[in-house]
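Enquirer: First the structure, then my questions, so here it is.
The values are calculated or read from the model by the stated rules, or taken from the named source; none is laboratory data. Being a predicted model, the structure only gives us computed values, none of them experimental. Note that we place each Cβ from the backbone using ideal geometry, even for glycine, and neighbour counts take in every protein chain shown. We work out accessible area using only protein heavy atoms, side chains counted, and drop any ligands, DNA or RNA first. Shrake-Rupley method; radii C 1.70, N 1.55, O 1.52, S 1.80 Å.
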Amino acid sequence: MTQTHTPSAAAPSLLRLAGLPYFIIAFIARLPFAMMVVGVLTVVVSARGSLALGGLTSAAVGLGTAVVGPLLGAAADRYGQRVVLMISAVVNGTMLAVFAWVVYSPAADPILLIAALLIGASAPQVSPMSRSRLVAIISERMPESTRTKTISGTFSYESAADETVFVFGPFLVGVLASAIAPWAPLVGAAALTFVFVGAFALHPTARHISAERHADGSAPSKASELFRPELLVVVLGILGVGLFFGAMLTSLTSFMADRGDAEQAGLLYGVMGIGSAALALGVAWLPPRFTLRARWLVFSGILFLGTLLVASASSVETMLIALAIMGIGIGPTLVTQYSFGAARSPLGRSATVMTMLGSGVVVGQAAASAITGEVAESLGTGAALLLPAGAAAVVLMAGIANWFLSDPRRTPRAGA
């Protein structure tokens, strides 16, 4: 009699554990976050005729996110994502619609700035909460032998998704503003927030929170651990990425406006975004001996070299080459920074850390958009094209600091 051996069941994939609808919902739910800064800038410049005021309102959005965003992450860690996301979705969707009305009203400029601040403060932190949620699922339901590789692949996907929406978001703003009216992007973002952020909040995966929390929801780690140099250098590095996004898109718009094709800036920007997303997805297949701290230095160095070419670009063809080079650097850099953030998260504070990092991107984008717009208007496109190099230098210098702060003998926690 022949004995039959039944193979052990294969470990379930993250796609199977979370479900395909989750990834679709989480992707679309990110779009309002990527649209709000550019959407606010677009409608204010159109309705009020002031680029300076547009820059201030965009900066107010970023300020609101910087101040309140990490608090939303901390609340999600303590009370769960569902209630925090539902409240922020309702408030944010309402404020986006209200802002679209207020900007055309006789309301004074300070009222406009307060409304913009509230948009940023209430912005649902979908991207960082998705990362935190998926890490919790991996840590709880996947074998320890596959966790590290799965988390790396997950961050690659999440960063590629972020790259895609941060390119497609401004493009969608331009399409809606041109096809309908300048207020349309904000109304569209409000609708997406109500529907898809609400769906993201109610998805069953929202039940997965850090298993490291105490029974009363409190964290076993001290809040002061969020301010360790090893973690703050990651926040600085990802702030530099946000500065790069804002400076690059705004200076590119000025570059194309000088050639009478300002509306083509989004399409050119997409060249960088496509390459960046593709390389971000490929990070999961890099060999382990190519360490995280080395990846940060190498890919941020490529990004910096690309910005030097941007600063000297005199033709659209040269700009396209520069954008392609920068696409090689920016995506893997972003994935690496999020990986460091996960590895260095204090116990039970994953959502807080991921929200700090996500807020850093938005704050950097908003600040750089405002500054670069002012520089382009006052000093010209040539001066504005220098600013992406300054932002890339911040990313590179943070990577150098991280090299010395990293202990190569220490293995990061898989589920941190």
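Enquirer: At q = 0.13 Å⁻¹, what is the base-10 log of I(q)/I(0) for the chain according to the Debye formula with one equal point scatterer per Cα and no solvent? Please give it to two decimals.
Expert: Listed by q, the Debye log ratios stand at -1.07.
Enquirer: Still on this structure: Test of the criteria: in region 99-180, which chymotrypsin sites (Phe, Trp or Tyr not before Pro) are in a DSSP loop and have at most 16 other Cβ atoms within 10 angstrom of their Cβ?
Expert: Qualifying residues, ordered by number: Tyr104.
Enquirer: Applying 1/(1 + (r/R0)^6) with R0 = 45 Å to the Cβ-Cβ distance of Ala107 and Trp403, what FRET efficiency is obtained, to the nearest 0.05?
Expert: Efficiency computed from Cβ-Cβ geometry: 0.35.
Enquirer: Right, here's the next one. Relative contact order for the chain: what percent, with Cα pairs under 8 Å and sequence separation of 6 or more? The partial results should precede the final answer.
Expert: Working: 717 pairs, mean separation 111.0, N = 416.
Answer for the chain is 27 percent.
Enquirer: Output the relative contact order of region 83-128, whole-number percent, from Cα pairs under 8 angstrom with separation of 6+ residues. It would help to have the intermediate numbers written out before the result.
Expert: Details: 24 pairs, mean separation 26.5, N = 46.
The normalised contact order for region 83-128 reaches 58 percent.
Enquirer: Then there's this: Which order do peptides 298-308, 247-257 fall in by mean Cβ count within 10 Å, highest first?
Expert: 247-257, 298-308
Enquirer: I've got another one for you. Which ³J(HN,Hα) values, rounded to whole Hz and listed in residue order, are derived for region 286-294 from phi using the Karplus coefficients 6.51, -1.76 and 1.60 in 6.51 cos²θ - 1.76 cosθ + 1.60 with θ = phi - 60°, glycine and proline given as x?
Expert: Running phi through 6.51 cos²θ - 1.76 cosθ + 1.60 with θ = phi - 60° gives 6, x, x, 5, 8, 5, 4, 5, 6 Hz.
Enquirer: For the chain, report the accessible area per residue in Å² (1.4 Å probe, heavy atoms, rounded to an integer).
Expert: Counting only protein heavy atoms, the per-residue value for the chain is 41 Å².
Enquirer: Right, another one. Quantify, in whole percent, the carbon and sulfur part of the accessible surface of the chain (1.4 Å probe; protein heavy atoms only).
Expert: The value for the chain is 70 percent carbon and sulfur by accessible area.
Enquirer: Right, here's the next one. Please give me the summed charge of the neighbours of Phe245: other residues whose Cβ is under 13 Å from its Cβ, Lys and Arg +1, Asp and Glu -1.
Expert: Details: positive: none; negative: Asp162, Glu163.
Counting the neighbours of Phe245, the net charge comes to -2.
Enquirer: Hey, another quick one. Show me 141-149, 268-276 ranked by packing, highest mean number of other Cβ atoms within 10 Å first.
Expert: Details: 141-149: 13.7, 268-276: 21.3.
The most tightly packed comes first, giving 268-276, 141-149.
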